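The values are calculated or read from the model by the stated rules, or taken from the named source; none is laboratory data. No experiment lies behind these values; they were computed from the predicted model shown. Cβ coordinates were reconstructed from backbone atoms using ideal geometry, including for glycine residues, and neighbour counts include every protein chain displayed.
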């Protein structure tokens, strides 16, 4: 009886710590570079895609992100379970230097070239790129 209780307690402590460590390590690959330049605590105000996907460097975030098209830029934030080492970021439109399609087999995604202090590529699905283009087309010319 005590063995089962101890095993359950150990699992409830060890697994969340292990999970948080793995998620944090994944964030050190590319997300950390984004967060260094673009970390935000601003609330979401724009068109939002929940359970969206993106790739940053070699890390792929499948159906784990909230992507928001904000007046000031592209906001990315992971779901709470994937948040360790991944603070929300807001990439200003001026720092997205190019958008180019990339096709792998039958799937097309779009690479956004981000001019952070260490340049980085963020790959997003087509529906996000369409929303970005809509936002930029509607933006007032300054």
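Based on this model, can you work out whether residue 110 counts as in contact with a helix residue (DSSP H, G or I) (Cβ under 9 Å, 6 or more places away or on another chain), over 29 Å from residue 18 (Cα atoms) and crowded, with 16+ Cβ neighbours inside 10 Å? If you could, list the steps in order and put the result at the bottom.
Values: in contact with a helix residue (DSSP H, G or I) (Cβ under 9 Å, 6 or more places away or on another chain): yes; over 29 Å from residue 18 (Cα atoms): yes; crowded, with 16+ Cβ neighbours inside 10 Å: yes.
For residue 110, the condition - in contact with a helix residue (DSSP H, G or I) (Cβ under 9 Å, 6 or more places away or on another chain), over 29 Å from residue 18 (Cα atoms) and crowded, with 16+ Cβ neighbours inside 10 Å - is met.
What number of residues within the range 57-103 satisfy the criterion of being in a strand (DSSP E or B), surrounded by fewer than 19 Cβ atoms within 10 Å (Cβ to Cβ) and on the phi > 0 side of the Ramachandran plot?
Residues in the range 57-103 being in a strand (DSSP E or B), surrounded by fewer than 19 Cβ atoms within 10 Å (Cβ to Cβ) and on the phi > 0 side of the Ramachandran plot: 1 in total.
From (1) surrounded by 16 or more Cβ atoms within 10 Å (Cβ to Cβ); (2) touching a residue at least 60 places away in the same chain (Cβ under 8 Å); (3) farther than 23 Å from residue 24 by Cβ, pick out the condition that doesn't hold for residue 122.
(3)
Return the total of residues in the range 119-142 being in a strand (DSSP E or B) and more than 15 Å from residue 75 (Cβ to Cβ). Walk me through how you get there before you give the answer.
Within the range 119-142, the first condition is being in a strand (DSSP E or B), and the residues that meet it are 120-125.
Those left that are additionally more than 15 Å from residue 75 (Cβ to Cβ): 120-121, 123, 125.
Count: 4.
Taking the range 33-49 as the region of interest, how many residues are in contact (Cβ under 8 Å) with a residue 40 or more places away in the chain and either closer than 19 Å to residue 129 by Cα or under 11 Å from the mean Cα position of the chain (by Cα) (or both)? Before you say what the answer is, go through the steps one by one.
Residues of the range 33-49 that are in contact (Cβ under 8 Å) with a residue 40 or more places away in the chain, as a first pass: 33-42, 46-47, 49.
Filter once more, so that each one left must be either closer than 19 Å to residue 129 by Cα or under 11 Å from the mean Cα position of the chain (by Cα) (or both): 34-35, 46-47, 49.
Qualifying residue count for the region: 5.
All but one of (1) at pLDDT 85 or above; (2) over 13 Å from residue 31 (Cβ atoms); (3) surrounded by 12 or more Cβ atoms within 10 Å (Cβ to Cβ) hold for residue 135; state the number of the condition that does not hold.
(1)
Answer with yes or no whether residue 110 is farther than 22 Å from residue 42 by Cα, under 15 Å from the mean Cα position of the chain (by Cα), without any contact (Cβ under 8 Å) to a residue 40 or more places away in the chain and not in a loop (DSSP other than H, G, I, E, B).
Numbers: farther than 22 Å from residue 42 by Cα: yes; under 15 Å from the mean Cα position of the chain (by Cα): yes; without any contact (Cβ under 8 Å) to a residue 40 or more places away in the chain: yes; not in a loop (DSSP other than H, G, I, E, B): yes.
Yes; evaluated as a whole, the condition is true for this residue.
Between 116, 52, 42, which is within 28 Å of residue 138 (Cβ to Cβ), at pLDDT 90 or above and outside any helix (DSSP H, G or I)? First the steps, then the outcome.
Numbers: 116 fails: at pLDDT 90 or above; 42 fails: at pLDDT 90 or above.
Result of the check over 116, 52, 42: 52.
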